[in-house]
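First up is the structure itself, then whatever we jot down about it.
The numbers here are math on the coordinates, done by the rules we state, and not lab data. In this text the structure is predicted, and so the values were computed from the model without any measurement. All Cβ positions, even for glycine, are placed from backbone atoms using ideal geometry, and neighbour counts span all protein chains on display.
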Amino acid sequence: MNILGEISCYGQCLKSWALFVSLFFVMSIALITASLMLKDPKKRLQTFVFAQATGLFAVAATFYLMNCSEMLSLYLYFAYVAISTILIFGTLRYYDRLMIKRLEAKPAGSILKWTQEFVDKLTSARVYYFDSAVPKAFAAGRSIFISIGLLELLDEDELKAVLAHEAWHIRHNSGMPFLSQLALMAFSSSSEPELEDQADRFAAKIAGNTALYSARNKVDKVFI
Amino acid sequence: MVKLDQINISNDGLTKFFSPIEAAILRALWSEGEMTTSELTGKTNIPLTSVAGTLDRLVKAGYTTRRTESINGRVRYVYEPVLSEEEAASEITTKILDSLVQAFGPLAVENFSKYSDKK
């Protein structure tokens, strides 16, 4: 169980490859640090995925290139799984809080009381509005975000269709955090158009087909 | 949005300093004072999808302010220009004169006085 001993043994087993492999480990750690510091959520996610890829590559390379004990490979793999699980769950759990801060979002109940009451009947989620004229709605964590631009544009029935659509996403997300984590770790995204269809079917059931289609017509592709 | 590196001397009127959509919005606000989003899209004849992002930018850059109103269960923005047309013109002129003096020094000042003598 002497980890330092294992590492130096590995250095010898890997011989000329040791430098190459450790370079990837250093790169992976640097990328994870960078992804924690980046402000733009999209770049942050990309860096994070890159960090995962380099980390995984380094572990795989160690496993295939070494000639002696396999214990260190196992340690490394477990460390990788533990760290990425914590990071992914942390991101999922706190992503909506991050968005609230970034968008300076406020509870939608304070501006349109019925929105929060309507969503309460469908799932447990908070509804927030944020200051932007661009019509937009999305779900993150256990929160639904809608822009003032969307509130301006849609009437009550259409807004209900959008809220039901987003509420479905939240129900769906909370049901399967493990699956989406696995999808993320395997670098495969779940089939998005199919999810959107199911969310739309739910929205049509709650708010009616007419409301859903007129909302879609007014703001095609702005609620996801 | 009146950034010196984006000034386009060959354009006409306000579009020397603003994008065409920014200019159309500012012109509408200067002539009407307060306007809602739908009044703006109606007056400028530009669809909401093109206007919305520009409105966010104009607010962020400080050329317009907006407040949120809630009437009969409908929420809407009301826009107002921050500077009057004259104030905006004087701000733009000062910026450009400053940059000319910074680049050419006394020569620029000499030309300004020649220009005003001609008038």
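With a Förster radius of 22 Å applied to the beta-carbon distance between residue B:65 and residue A:111, the computed FRET efficiency rounds to 0.75. Peptides B:9-22, B:43-56 ranked from most to least packed by the mean count of surrounding Cβ atoms within 10 Å: B:43-56, B:9-22. If you take the beta carbon distance between residue A:16 and residue A:94 as r and set R0 to 45 Å, what does 1/(1 + (r/R0)^6) give as a FRET efficiency, to the nearest 0.05? Working from the Cβ atoms, E equals 0.60.
Between region B:71-94 and region A:127-165, the C-alpha centres lie 25 angstrom from each other. A protection proxy built from the mean count of other Cβ atoms within 10 Å ranks the segments A:75-84, B:94-103, B:110-119, most packed first, as A:75-84, B:94-103, B:110-119.
Just check chain B against the gyration tensor rule for me: Cα atoms, a ≥ b ≥ c as the square roots of the eigenvalues, rounded for a/c under 1.5, and otherwise prolate or oblate depending on whether a/b exceeds b/c. Each step should come with its number before you reach the end.
Numbers: a/c = 2.81, a/b = 2.61, b/c = 1.07.
Here chain B falls in the prolate category.
Label sites at residue B:119 and residue A:29, each approximated as a point 7 angstrom past Cα along Cα to Cβ, lie 6.7 nm apart. Distance between the pseudo-spin-label points of residue B:78 and residue B:30 (7 Å out from Cα toward the beta carbon): 2.3 nm. Residues of region B:33-72 with an amide N closer than 15 Å to a point placed 7 Å from the Cα of residue A:102 along the Cα-to-Cβ direction: none.
Which shape class applies to region A:93-156: rounded if a/c is under 1.5, otherwise prolate when a/b exceeds b/c and oblate if not, where a ≥ b ≥ c are the square roots of the Cα gyration tensor eigenvalues? Taking the square roots of the gyration eigenvalues as a ≥ b ≥ c, region A:93-156 is oblate. Between the Cα long axis of helix B:20-32 and the first principal axis of chain B there is an angle of about 70°, rounded to the nearest 10.
Computed FRET efficiency, Cβ-Cβ of residue B:12 and residue A:205, R0 41 Å: what is it to the nearest 0.05? Before the final figure, lay out each step's value.
Values: r = 53 Å, r/R0 = 1.30.
E(calc), rounded to 0.05, equals 0.15.
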